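For reference, the structure discussed in these notes is given below.
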Amino acid sequence: MIKSKSGNFFSKNEQGYALLIVLLALVLISVLGMSLLTISNNTLKTSANERTDQSLFYIAEAGLIDRKAALTKEIKEAYSDAVLEYKKELIENSKKDPSKQIKISFQEIFKERLPNSDASKKETYTNFEEHFSKKPLAEISILQEEQDTKMFYTITSTGSVENSKTSRSVSQKIIVDLNSASFDGNSINGKYTVYARNKIEYEYYDMKNNVIGSIASATYDHVISPGSQIPLIHDPNNYDSLLANKYYEKLAFDTKKFINATYYPSNSNLINNNNLIAENWDKYNDTTLQLTDNLKLSTFSLSNGGMTFTIDVGNSDKILYLKKLELNGYINVIGSGKLTIFVEDEIIFGNTFLNQKGASNNLSIYYAGNKELNFSNNTFVTANMYVKQADLTYQGGGAFNGKFYSNGVGTITLAGGIFNESVDFIVPNYNVTMGGSATIKGSIICNNLYLHGDASIISGNSSLDDSITINESAPIKYETLIEK
C-alpha cells in the first residue's frame with residue numbers, strides 16, 4: 001500500500017498499460033508501413049517512368065538509324081551516278097573545239113541527283129515489337145538545307161507509344177560535300193588518237209585527212225605543216241599526270257624482278273648447252289617446248305622460216321629469260337598461263353609470225369638491250385612489248401598487235417606498208433616517224449610525231465579513251481546525335 005499525504009491509501013493497479021503500448025505500436029507500424037508503401041509506390045512509378053522514357057528514346061533512336069541508313073544509301077547511289085555522268089561529260093566536252101568547250105560542274109550534277117526532302121512531310125515507322133501490349137511509333141522528318149558547297153539533311157525522330165501523350169525526340173545532321181569529286185585540268189585527253197609532248201608535223205597540208213581522231217599537244221596549239229595552220233587541242237595540263245597516274249607501272253622497267261626470279265633447268269631434248277637453236281627441220285618442226293617452270297637460256301633461235309614451233313606455258317604463268325632471241329618462222333604460244341620473255345641483249349625478228357593465234361595479253365616481251373629493234377620482212381607479232389631504251393624500225397610489211405611501252409629516249413620509224421591493228425605506242429620521250437603507207441589503228445603518246453608519204457593514223461579501241469582520272473573524296477559526314 002501507498003500512503004498519501006492525507007493519510008489515505010491507494011492500491012497499485014497497472015492494468016491497461018499493455019493495451020496502450022500495443023495501440024501505440026500499431027499506430028507506429030501503420031505509419032511506417034504507409035510510408036514504406038508510399039515510398040515503394042513512388043519508386044515503382046519513377047522506375048516505370050524512367051523505363052518508359054528510356055524506351056521512347058530507343059524507339060526514337062531506332063527510327064533515326066533506320067532512316068539514316070536509307071538516306072545514306074540514296075546519297076551514295078546519287079554520288080556514284082554523278083561521278084559517271086561527270087566523267088562522261090568531261091570526255092564529250094574534250095572532243096569539241098577548244099573554243100566551244102564549257103566548264104563542267106560536278107556540284108550541279110551531284111545536286112541534281114540528290115534526294116529531295118520536305119520537312120513538313122512526316123514518315124511514321126511502326127516496324128517495332130509491342131511494348132506492354134502497345135505499339136511503338138517513330139515519326140520521322142527531314143529538313144534539307146543547302147549552304148555554299150554543302151547539302152545538309154537534319155533527321156529528327158520522335159519516339160512514342162500508341163495512345164500515349166509522352167514522347168522523346170532525337171536528331172542528327174548529315175553533311176554532304178557537293179564538291180567531293182573533281183578533275184584537275186581545263187580539258188582532258190578523253191579520246192586523243194595522238195598526244196604529243198611537243199610538236200606534230202605533217203609533210204603536206206592535206207595529210208590532215210590521214211589522221212582520223214582527235215590530236216593534242218602539251219606545247220603547241222596547231223600542227224606544223226606547209227600552208228594554213230591545222231588546229232589541234234592544246235592540253236598542257238594532263239600529259240605528265242597521265243603518265244604518272246595511268247602508265248607509271250607500265251613504264252617502270254624493273255629488271256630486278258627477272259634477275260631475282262627462280263629458274264629451273266629443263267630436261268627437254270630440244271635444249272643443248274643451255275641453248276635452243278632450231279636449225280634441224282626434222283628435229284624441231286612441229287615440236288613443242290613444255291615449260292614446267294621458269295627457264296633461263298642463253299640463246300633461243302628459230303632460223304628456218306617455214307618451221308612451226310610451239311611453246312606450252314601450261315596452267316600457270318612462266319618466265320623465259322634469254323640473252324638473245326631470234327625468230328624466223330611460226331611460233332605459237334599455248335596454255336592458260338601467261339608467258340613473259342625477258343631478253344637481255346638482242347632481239348632479231350624477220351619473216352616472223354609470233355603468237356598469231358593468241359592474245360596480246362598472254363605474251364609480254366621485255367627487252368633490256370640497246371641494240372636497234374629492226375623488224376622487217378613480214379613480221380607479225382601479237383604481244384605487249386616493254387623496252388628499256390632502244391630504237392625501233394618496223395618495215396617491209398607485217399603487223400604488230402598489242403601495246404608498246406618505253407620510258408627511254410629514242411626513235412620509232414614505221415614504214416613500208418605496215419598495218420598495225422589495235423596498237424598503242426606509249427613512248428613519251430620518243431620521236432615517232434611514219435612514212436610510206438604505214439598505217440596505225442590505235443593511238444600514240446610520244447615526244448614528237450612526223451608524218452609523211454601516205455602514212456595514216458586511225459583511232460581504234462585506244463587505251464587513251466578512258467585515261468581521265470577523277471579525284472574523289474568521301475561525300476558524307478555525320479554530326480553527333482542530339483537528344484531533345
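The values are calculated or read from the model by the stated rules, or taken from the named source; none is laboratory data. Just so it is clear, the model here is predicted, and its values are computed rather than measured. Backbone-built Cβ (ideal geometry, glycine too); neighbour counts: all protein chains shown. Ligands, DNA and RNA are excluded from the accessible area calculation, which covers all protein heavy atoms including side chains. Shrake-Rupley method; radii C 1.70, N 1.55, O 1.52, S 1.80 Å.
Placing pseudo-labels 7 Å out from each Cα toward the beta carbon at Tyr204 and Asn127 gives an inter-label distance of 7.4 nm. Taking only alpha carbon atoms, the chain gives an Rg to Rh ratio of 1.42, where Rh is the Kirkwood radius. Tally Lys and Arg at +1 and Asp and Glu at -1 over the other residues with C-beta under 14 Å from the C-beta of Asn210: what net charge comes out? Residues near Asn210 contribute -2 overall.
So with the 1.4 Å probe, I'd like the accessible area per residue for the chain, rounded to whole Å².
Computed with neighbouring chains in place, this is 53 Å² per residue.
Subtracting the Cα-Cα distance of Glu92 and Lys338 from 0.36 nm times their residue separation leaves 84.9 nm of extension gain. In order along segment 355-366, the phi-based Karplus estimate (6.51 cos²θ - 1.76 cosθ + 1.60, θ = phi - 60°) of 3J(HN,Hα) comes to 6, 5, 8, x, 9, 5, 6, 8, 9, 10, 10, 9 Hz; Gly and Pro are listed as x.
So, with a 1.4 angstrom probe, what is the percent of accessible area on the chain that is carbon and sulfur? C and S fraction of accessible area: 49 percent. Over all projection directions, the Cα-based convex hull of segment 243-316 averages an area of 7.2 nm². Taking 18 Å as the limit for the C-alpha separation, the pairs Lys199/Lys388; Lys323/Lys403; Lys324/Lys388; Lys324/Lys371; Lys318/Lys403; Lys403/Lys441 exceed it in the case of Lys199/Lys388; Lys323/Lys403; Lys318/Lys403.
Calculated FRET efficiency, Lys135 to Val31, Cβ-Cβ distance, R0 = 35 Å: about 0.20 to the nearest 0.05.
Among residues other than Tyr430 with Cβ under 15 Å from its Cβ, the summed charge is +1 (Lys and Arg +1, Asp and Glu -1). In the chain, what % of DSSP beta bridges are antiparallel (nearest 5)? Antiparallel bridges: around 30 percent, rounded to the nearest 5.
Each label point was placed 7 Å from the Cα along the Cα-to-Cβ direction; for Asn361 and Lys477 their separation is 4.0 nm. Taking Cα centre as origin and charging only the Cβ of basic (Lys, Arg, +1) and acidic (Asp, Glu, -1) residues, the dipole magnitude of the chain rounds to 2120 debye. Indicate the helices, whole DSSP H runs only, in the chain that combine a mean Kyte-Doolittle hydropathy of -1.0 or more with a Cα extent along their long axis of 24 angstrom or more. Sorted by number, the helices that extend far enough and score high enough are 17-94.
Within the chain, the longest segment free of exposed loop sites, counting GluC sites (Glu not before Pro) that fall outside DSSP classes H, G, I, E and B and have at most 12 other Cβ atoms within 10 Å, spans 280-478. Extents of segment 203-345, taken as max minus min of Cα coordinates on every principal axis and listed largest first, are 65, 35, 28 Å.
Radius of gyration over Kirkwood radius for segment 323-406, both on Cα atoms: the Rg/Rh ratio is 0.92.
Take the Cβ-Cβ distance between Ile470 and Asp312 as r, set R0 to 35 Å, and report the resulting FRET efficiency rounded to the nearest 0.05. With R0 = 35 Å, the Cβ-Cβ based efficiency is 0.25.
Full extension of the chain between Asn269 and Asp221 yields a length gain of 11.2 nm, computed as 0.36 nm times the residue separation minus the alpha carbon distance. Each label was represented as a point 7 Å from its Cα along the Cα-to-Cβ direction; for Asp53 and Asp282 these points are 10.5 nm apart. Counting 0.36 nm for each residue step from Ser228 to Asp148 and taking away their Cα separation leaves a gain of 24.1 nm.
Taken as Cα centroids, segment 107-149 and segment 253-329 sit 68 Å apart, rounded to the nearest whole angstrom.
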